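See structure below.
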Amino acid sequence: MKIIPEIQSAQEEMKALRRWFHAYPELSFEEEQTSERVAKTLEGYGIEVHRGLARTGVVGVLRAGHGNRSVGLRADMDALPMHELNTFAHRSQYPGKMHACGHDGHMAMLLGAARYLAKSRDFDGTIVLIFSPAEENGSGAKVMIDEGIFDKFPVDAVFGLHNSPGTPLNTFGVRPGPILAGSAEFDIRIIGVGAHAAFPQDGKDPVLTGAQLVTALQGIITRNKKPLDTAVLSVTQFHGGEARNVIPDIVTIGGTVRAFSEATLDLIESRMRTIVGSVAEANECKGELKVRRCAPTINSPDETQFAAKVMKSIVGESKVNLDVEPSMGGEDFAYMLQARPGSFAFLGAGNGEHRELGHGPGPCSLHNTSYDFNDEILPVGSTYYVELARQWLGGARA
């Protein structure tokens, strides 16, 4: 591997930053302490800093030479509402909050790259360092776009990176086109009329209605969309009632839809609205549907080929998979790729040998209460960000 020596020597600094972020996780749009640490770290490197985008987002701007080209490098910042089971020293200090997706490592890698680039200035143009809030609820990047981040800080292309547990250590995976699914998180309310369970004829049963609805929704996947259009609809919540002998007034149902195109998501949402209303009406109940969408993450071909070239220059051709299998996971980086060309990639984090053992599923999967980011990949990810910027912009000129 061709790791930049100065970055390799700064691994302990990146590791310390990463572990601080892990110990003090903050949820979506609550990243006050996190964003302040990011901003002060960037300022300490002599980088121009802008706070407050999308409430808690941070943007750093680096300029060198006289070039007009620009590039955006992005890391996410928020944690998940989970209780951490790990017992190591840098475990979460905030009960019910945890960096279980590696955003702590993503920030540390980009900060490591920022440190090197601020010192070397061996590029020709502008680098925009984007620390995006609220990725986990699928809206932070969209808010940044809506607030005009790329009008205020223009970029020709934007790149993102995510750690990938279970993938061989220090390997890259990327692909042109859809790489992550779009999502439609849904909440359904079935409003009926409560009654004694022994006299169901006196009520309008939302439980029976909800049970029929759960089954009916699967017909969208099997009978409404084209079989070649990949999609999944999962009902994950069903709540209603408090007593065994009482039919409740209301049942709530929640879940998620995933698909690789907006058109497929549109079709599924439209059919859901029809089915929720019709099934509820057939049972003399009222049905309500709320949907929160996140777009699919679609890499642009030229920028993906460029990113793959950079990866190969670091880890070698054999360790870059340019046809990685798309994931049904989602990413709000999708909105940045709608606004600018770019590419989102995965960096292999190994099989979890680095983590505390004895609990939680392996190999240290994401959104897992015993997850921990693998600090060994910090120099590789940081070098990747640096080389993306240097090779995109070219060397600095006097």
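What to note about this one:
- Residue check for residue 84: more than 23 Å from the chain's Cα centre (by Cα), in the same structural domain as residue 127 (by TED's automatic domain parsing) and either buried (at least 24 other Cβ atoms within 10 Å of the Cβ) or closer than 29 Å to residue 392 by Cα (or both): no
- Annotation note: Cβ proximity below 6 Å between a residue of segment 364-392 that is within 21 Å of residue 83 (Cβ to Cβ) and a residue that is part of a helix (DSSP H, G or I) and modelled with pLDDT of 95 or more (sequence gap 6+ or interchain) occurs for 373/104; 373/105.
- Top-ranked residue of segment 196-245 - restricted to ones that are β-branched (Val, Ile, Thr) and touching a helix residue (DSSP H, G or I) at 6+ places or on another chain (Cβ under 9 Å), ranked as farthest from residue 264 (Cα to Cα): 209
- Residue count for segment 217-243, restricted to those that are closer than 17 Å to residue 192 by Cα and not hydrophobic (A, V, I, L, M, F, W, C): 4.
- Test: residue in segment 30-45 that is closer than 23 Å to residue 157 by Cα, of a type in the set (Asp, Glu), surrounded by fewer than 24 Cβ atoms within 10 Å (Cβ to Cβ) and without any contact (Cβ under 8 Å) to a residue 40 or more places away in the chain: no
- Within segment 193-220, restricting attention to residues that are crowded, with 18+ Cβ neighbours inside 10 Å and under 30 Å from residue 178 (Cβ atoms), the residue that is farthest from the chain's Cα centre (by Cα) is 213.
- Selection within segment 222-249 - surrounded by fewer than 19 Cβ atoms within 10 Å (Cβ to Cβ) and among the aliphatic types (A, V, I, L, M): 228, 232, 235, 243, 246
- Close Cβ contacts (under 6 Å, 6 or more residues apart or on different chains) running from residues in segment 137-151 that are farther than 12 Å from residue 331 by Cβ and in contact (Cβ under 8 Å) with a residue 40 or more places away in the chain to residues that are in a helix (DSSP H, G or I) and aliphatic (A, V, I, L, M) comprise 145/339; 150/339.
- Within segment 207-229, residues that are more than 17 Å from residue 241 (Cα to Cα) reach partners that are small (Gly, Ala, Ser) and in a loop (DSSP other than H, G, I, E, B) with beta carbons closer than 9 Å, at six or more positions or on different chains, in the pairs 229/261.
- Unique match (being farther than 20 Å from residue 172 by Cα and at pLDDT 95 or above) among 309, 286, 319: 286
- Qualifying residue in segment 155-173 (condition: in contact (Cβ under 8 Å) with a residue 60 or more places away in the chain, more than 25 Å from residue 271 (Cβ to Cβ) and among the acidic types (Asp, Glu)): yes
- Checking 343, 300, 365 one by one, the residue that is among the polar types (S, T, N, Q), at pLDDT below 95 and under 30 Å from residue 28 (Cβ atoms) is 365 and no other.
- Inside segment 226-248, residues that are under 18 Å from residue 272 (Cβ atoms) and either modelled with pLDDT under 95 or assigned to a loop (DSSP other than H, G, I, E, B) (or both) make up a count of 3.
- Qualifying positions in segment 183-203 - closer than 15 Å to residue 277 by Cα and either touching a Cys at 6+ places or on another chain (Cβ under 6 Å) or not basic (Lys, Arg) (or both): 186, 187, 188, 190, 191, 192
- Within segment 322-338, the set of residues being surrounded by fewer than 20 Cβ atoms within 10 Å (Cβ to Cβ) and closer than 23 Å to residue 293 by Cβ comprises 326, 327, 328, 329, 338.
- Hey, residue 194 small (Gly, Ala, Ser) and in the same structural domain as residue 381 (by TED's automatic domain parsing) or not: no
The values are calculated or read from the model by the stated rules, or taken from the named source; none is laboratory data. Predicted, not measured: the structure shown is a model, and the values here were computed from it. Virtual Cβ from ideal backbone geometry, glycine too; neighbours counted across all protein chains shown.
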